Amino acid sequence: EGNNSRSPLIGNFTGYGLQKQITSETNQMFLLFTSFSRASGEGLHITWDFISDLSELTTATSQNKTTLNSSLTKPQIPFENCRQTFYEMSGHLEFPYINFYPSWANCVWTIKIDPDYPMTLDSDSGYSMTLDFWRFDLHAGDFLIIRDGNQDNYEVLGNYTSDNPPKNLKSNSSEVFLQFISDGSGSGSGFSVYWERYTECRSTASGNSGYIDFPTGNATYSPNSYCIWTIETTSNSVLEVNFLEFDTQQYYDYLHISDGNSSNGNYIGRYSGNFLPNSGQYIDSHTNQIYLLFTSDDTISRNGFSLYWEKSTDCGSHLTGNGGSIRYQPNHYDGFYNYCRWTISTDYGKNIELEFQMFNITHGDQFIIRQGNTSRSPLISIYTVNIEPSSISTNSNHLYLQFSSIGYAYERDIQISWRRKTDNECGGKVEGISGYIHYPLGLDMYRNNSYCLWTILTTPGAFIHLQFERFDTEKYRDYITI
């Protein structure tokens with residue numbers, strides 16, 4: 001019922017001799033025929049015609065649309081992504097995913113940011129949320145109602161149409177109920193809304209360095225805290241966070257740290273208790289932004305934390321793709337203690353190869369290569385002297401490179417090229433009706449810290465049979481997952 005494969009399903013039909021008349025509820029139908037390679041039939045023949053008498057398809061009046069209990073003249077049609085319940089503290093609702101929403105839709109969404117506290121008319125967890133609409137496109141006559149609660153008889157926050165689009169909203173409870181209703185007169189592209197738990201302790205810091213003390217003063221933090229900090233420095237730089245004090249209720253109150261400016265970024269870690277995170281060592285970002293989220297329950301409160309952050313270095317970058325180069329040739333103005341780092345990332349399941357084209361360093365210098373994307377990743381090698389042009393093959397799709405020096409840096413010259421390995425020694429895509437996978441190729445044993453991904457693709461509709469002729473791995477430590 002609609003114009004694409006995501007539209008509401010009318011039916012699946014297979015076999016022989018179907019004699020059936022089907023009438024649509026709207027002016028669109030989507031038909032999809034699929035077959036497999038093993039056998040075939042004579043096919044199908046379909047005739048279609050339009051219905052000229054639309055007396056039964058009249059739309060409801062605007063008067064009886066003003067409440068959720070209105071009775072439309074046609075039953076509303078369920079639609080994918082149309083009836084959901086969300087439990088995340090923050091999230092994004094996109095309706096519909098693609099194209100336009102169907103006619104006669106009746107969709108309900110419930111957002112619960114605190115599922116541990118069932119909400120009633122008389123009690124609430126004390127949490128609330130904000131809703132930020134990025135897009136709102138409804139056909140005339142269609143509407144969205146938002147209620148402050150999880151049922152259709154709770155307080156109405158707003159009734160929104162194309163002539164009255166929603167602004168940024170704030171609920172008074174931990175649950176919000178949304179209902180969307182459309183008639184048969186037309187369609188629109190729908191809406192997009194982002195929600196998150198409301199917090200009064202939110203701040204943004206930018207620059208080269210700074211401090212965060214939470215809470216300020218000598219008091220302990222509040223129960224049910226939900227606090228957000230975003231730190232940002234200059235583009236193409238990274239950040240280091242060093243904790244000076246840390247005291248939270250272990251296993252119940254947590255500080256979450258992510259890359260970027262939201263909780264959707266690369267997750268760095270979560271920390272709880274009264275030990276300094278990362279054993280008191282710096283925590284490194286992979287971008288020029290860090291997002292910190294602190295949550296606590298409603299029982300014991302403690303002293304919180306204090307941290308210092310700074311831009312790590314003016315040299316270095318994050319490199320992605322299939323290949324590239326690194327050139328580091330400082331001048332004498334760079335002064336004492338130079339510190340640079342680079343991270344390299346390529347496709348999931350692939351490996352990276354480094355080629356040293358020039359590598360001149362001096363006494364007191366150190367160049368470190370790690371298999372991963374942080375300063376805590378497994379060590380590959382440390383160089384403290386000049387080396388001849390050479391190459392290094394790794395077993396990871398992430399690499400971390402770090403250079404440090406004590407002394408003036410104008411005598412250094414480092415030139416490195418990198419590329420994604422193109423051979424099938426470790427991973428790859430295999431297509432056809434049969435084939436072999438040998439691993440490792442040309443080696444007696446596979447390398448340590450290997451991570452290999454193979455994908456086998458054969459004829460649609462067929463099945464794949466695997467026959468292992470040789471299998472030898474370190475028991476309980478090295479695995480193949482199918």
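The values are calculated or read from the model by the stated rules, or taken from the named source; none is laboratory data. Only a predicted model underlies this, so the values are computations on that prediction, with no experimental measurement involved. For neighbour counting, all protein chains shown are included, and Cβ atoms are generated from backbone atoms with ideal geometry for every residue, glycine included. Keep in mind that these areas ignore ligands, DNA and RNA; they rest on the heavy atoms of the full protein, side chains included. Shrake-Rupley method; radii C 1.70, N 1.55, O 1.52, S 1.80 Å.
Just to verify a result, which residue in the range 210-227, among those that are part of a strand (DSSP E or B) and not aromatic (F, W, Y), is most open to solvent (accessible area, probe 1.4 Å)? For the range 210-227, the residue satisfying everything is D213.
Screening the candidates G442, G461 for the property of being out of contact with any strand residue (DSSP E or B) (no Cβ under 6 Å at 6 or more places or on another chain), assigned to a loop (DSSP other than H, G, I, E, B) and either at pLDDT below 80 or surrounded by 14 or more Cβ atoms within 10 Å (Cβ to Cβ) (or both) yields one hit, G442.
Checking each residue in the range 189-205 for being open to solvent by less than 50 Å² (accessible area, probe 1.4 Å) and among the acidic types (D, E) picks out only E196. Residue pairs whose Cβ atoms lie under 9 Å apart, sitting 6 or more positions apart in sequence or on different chains, and linking a residue in the range 151-163 that is within 19 Å of S192 (Cβ to Cβ) and at pLDDT 85 or above to a partner that is in a strand (DSSP E or B) and open to solvent by 40 Å² or more (accessible area, probe 1.4 Å), are L157/K170; G158/N164; Y160/F136; S162/F136; S162/D137. The residues of the range 198-209 that are more than 11 Å from L293 (Cα to Cα), touching a residue at least 24 places away in the same chain (Cβ under 8 Å) and not in a strand (DSSP E or B), listed by number, are Y198, G207, N208.
Can you tell me which residue is nearest to T455 (Cα to Cα) among those in the range 466-481 that are among the hydroxyl-bearing types (S, T, Y) and exposed (fewer than 10 other Cβ atoms within 10 Å of the Cβ)? Within the range 466-481, the match that is nearest to T455 (Cα to Cα) is T481.
Considering the range 251-297, and only residues there that are outside any strand (DSSP E or B) and aromatic (F, W, Y), the residue that is nearest to T230 (Cα to Cα) turns out to be Y282.
Looking only at the range 238-250, which residues are open to solvent by 10 Å² or more (accessible area, probe 1.4 Å) and either among the polar types (S, T, N, Q) or in a strand (DSSP E or B) (or both)? Residues satisfying the conditions are E240, N242, L244, E245, F246, D247, Q249, Q250. So for the range 187-197 (the condition being farther than 30 Å from Y400 by Cβ, hydrophobic (A, V, I, L, M, F, W, C) and assigned to a loop (DSSP other than H, G, I, E, B)), does at least one residue qualify? No; the residues of the range 187-197 include none that is farther than 30 Å from Y400 by Cβ, hydrophobic (A, V, I, L, M, F, W, C) and assigned to a loop (DSSP other than H, G, I, E, B). With respect to being more than 22 Å from I406 (Cβ to Cβ) and open to solvent by less than 20 Å² (accessible area, probe 1.4 Å), T299 falls outside the description. Candidates in the range 367-408 are the residues that are assigned to a loop (DSSP other than H, G, I, E, B) and free of Cβ contacts under 8 Å to residues at least 40 places away in the same chain; of these, the one that is surrounded by the fewest Cβ atoms within 10 Å (Cβ to Cβ) is E388.
For the range 161-190, the set of residues classified as within 25 Å of E88 (Cα to Cα) and touching a helix residue (DSSP H, G or I) at 6+ places or on another chain (Cβ under 8 Å) consists of I181 only.
Are any residues in the range 164-184 over 30 Å from P223 (Cα atoms) and modelled with pLDDT of 85 or more, and if so, which ones? Residues satisfying the conditions are N164, P165, P166, Q179, F180, I181, S182, D183. For the range 348-366, the tally of residues that are open to solvent by less than 40 Å² (accessible area, probe 1.4 Å), in a loop (DSSP other than H, G, I, E, B) and within 30 Å of T455 (Cα to Cα) stands at 2. Are any of the residues in the range 114-123 touching a Gly at 6+ places or on another chain (Cβ under 7 Å), buried (at least 22 other Cβ atoms within 10 Å of the Cβ) and at pLDDT below 85? No, the range 114-123 has no match at all. Looking at L18, L44, just one residue is assigned to a loop (DSSP other than H, G, I, E, B) and at pLDDT 80 or above, and that residue is L44. The residue list L144, L178 contains one member that is in contact (Cβ under 8 Å) with a residue 40 or more places away in the chain, assigned to a strand (DSSP E or B) and within 25 Å of the chain's Cα centre (by Cα), which is L178.
All told, I283 falls short of being at pLDDT 90 or above and out of contact with any Asp or Glu (no Cβ under 6 Å at 6 or more places or on another chain).
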